[in-house]
Amino acid sequence: MTESKLALFGGKKTVKGDHKKLFAWPIITREDEKAVLEVLRRGGMSGIDVTQEFEKEFAAWQGVKYALGFSSGTASLQSAMFGCKVGIGDEIICPSVTYWASCLQAFSLGASVVFAEIDPNTLCIDPKDIEHRITDRTKAIVVVHFIGHPADMDPIIAIARKHNIKVIEDVSHAQGGLYKGRKTGTIGDVAGYSLMSGKSFAVGEAGMLTTNDREIYERAVAFGHYERFNNSIETPSLKPFAGLPLGGYKYRMHQLSSAVGRVQLKYYDERIKEIQQAMNYFWDLLEGVRGIRAHRPAKDSGSTMGGWYAAHGLYVPEELEGLSVTRFSEAVRAEGADMVYAGINKPLHTHPLFHACDVYGHGKPTAIANANRDLRQPPGSLPISEGIGKRLFGIPWFKHYQPRAIAQYAKAFKKAARYYQELLKDDPGDRPALGGWSSYWRH
Ligand SMILES: Cc1ncc(COP(=O)(O)O)c(C=O)c1O
């Protein structure tokens, strides 16, 4: 048997050995355990003292004035929308390739979602597809730094300033990332972050909101943090209602998560530095390989991928005679890289929730319950978002710089690309929509 034979057809696997430690995340040490036990033993789970310390440290790390801890990223982003005064009949613009919680909470505020295209290289909202979607009802643009790649913020901020609308950054995938030297989450008006355990900044079920805007911060406090909605409030429209839970929600962060967060933050920069070194090494090894491209900013751009959450590669089937990404991924998996799957989240605008579902009993679909026109977007309306699943594959998310092991994975991709012609024969093709509603829930 020659080395060239693909493992899919009985050849030798390129990836050998046990690499569990290479992928294990988050890194939990005695220090995390001690911090959690301290809160647990003194019964401080529902307090806010540890959370407030975490917020101070998080704000300092980001270089912003305010950070507010949340029970989830979903809650932080809903509060960011409320902070930006997204309300009845308003619209927000959001990319369609993302997770629900970048935008769906707008429904609970009586607002609608207008989806914009993504850029096929960054996978983030395409700045060129925003302005024509702005109406006098648009309150905010939600920017998602999707799977770690910073969105192109400069033109987005320029559009938002021109039309006097807010920019909400969803930083759930890109904590610690840079856009032209600036931290993701510090460029728009407000940012929401998921810090749940699957993310690169992983503390448990938790979220964070950051902003430099006092009014946005105070509105977020008023919405879901009644215990802090007190005499310290400066915003005149909120003052008369201090002490009342305006949103009716209780969104405070669980202090066991806050305790983990404080420890994780201490080591986060150094840990993602190693992830960056490992992931960039992997892609450097694959530079120039036919059919595949790195999903990362240019090296000299000052932009980075943060912690490379849920890292993917760009697939160019035209360079491999149309070989499907499904078949390509199957071949790479057979080489021993068993985390490699085709596709990405199915675009949100294609789900019935944004078309037919009457969530709140309006007697009509919630997507247009308070809209002044039918703004639902049918299949075919966002072709790049709808087709992107066929041009993406998941890659290993290395947490450590172990060049020998990483090289084995890179070799698995190289081998599949090199012998792609053998794969063309029984190529089943791609299903019409690759990916489920999240990359973790594949249907
Ligand atoms: C892009 C994006 N936004 C928001 C969220 C919501 O965060 P959470 O799960 O912490 O509520 C997630 C992930 O879960 C996400 O991937």
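Every number in this text was worked out from the coordinates using simple rules, so none of it is lab data. Bear in mind the structure is a predicted one, so any value in this text is a computation, not a measurement. So basically every Cβ, Gly included, is an ideal-geometry build from the backbone, and we count neighbours across all protein chains shown.
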Reach of Lys425 by Cα under 13 Å, taken over aspartates and glutamates that are not fewer than 8 positions away in the same chain: Glu321
Anchor Lys13: aspartates and glutamates whose Cα lies under 14 Å away (excluding residues fewer than 8 positions away in-chain): Glu3, Glu330, Glu335, Asp338
Long pairs among Lys128/Lys180; Lys180/Lys414; Lys16/Lys390; Lys139/Lys239, criterion Cα-Cα beyond 26 Å: Lys180/Lys414; Lys16/Lys390
Phi-based couplings in Hz for segment 418-427 (Karplus 6.51, -1.76, 1.60; Gly and Pro marked x): 5, 9, 4, 5, 5, 7, 5, 4, 9, 5
Projected label distance in nm at Asp284 and Ile27, using a 7 Å step from Cα toward the beta-carbon: 2.0 nm
Reachable aspartates and glutamates, given that their alpha-carbon falls under 12 Å from the alpha-carbon of Lys162 and they are not under 8 places away in the same chain: Glu131
J(HN,Hα) series, segment 200-212, from Karplus relation 6.51 cos²θ - 1.76 cosθ + 1.60, nearest Hz, glycine and proline x: 6, 9, 10, 10, x, 7, 6, x, 9, 10, 10, 6, 9
In Hz, Karplus ³J(HN,Hα) per residue of segment 116-133 (6.51, -1.76, 1.60; θ = phi - 60°; x = Gly, Pro): 10, 6, 9, 7, x, 9, 8, 6, 9, 3, 8, x, 6, 10, 9, 4, 5, 8
Global form of the chain, assessed from the alpha-carbon gyration tensor, a/c cut-off 1.5: oblate
Segment 156-210 - charge dipole about Cα centre, Lys and Arg +1 at Cβ, Asp and Glu -1, debye rounded to 20: 320 debye
Most positive-pole-ward Cα, Tyr309, Val359, Ser324, against dipole of segment 298-394 from beta carbon charges: Val359
Segment 261-339-segment 50-77 distance, computed between alpha-carbon centres (Å): 29 Å
Selected from Tyr217, Ala202, Asn231, residue furthest toward positive end of dipole (segment 180-233; charges at beta carbon): Ala202
Beta bridges per DSSP with both ends in the chain, % antiparallel, nearest 5: 55 percent
Nonlocal amide H pairs with Lys180, under 5 Å, H built at 1.01 Å: Ser303, Thr304
Amide H within-cut-off set for Val142, under 5 Å, with H built and near neighbours excluded: Ile93, Cys94, Ile168
Among Tyr419, Thr51, Gly394 the positive-end extreme of the charge dipole of the chain (Cβ point charges): Tyr419
Relative contact order, percent, the chain [alpha-carbon distance under 8 Å, six or more residues apart]: 20 percent
Bins of 10 Å from zero: percent of alpha-carbon pairs in segment 17-110: 12, 28, 31, 22, 7, 0
Per-peptide average of other Cβ atoms within 10 Å, ordering 353-363, 406-416 highest first: 406-416, 353-363
Dipole moment magnitude, nearest 20 debye, segment 65-218 about Cα centre, only Lys, Arg, Asp, Glu C-beta charged: 320 debye
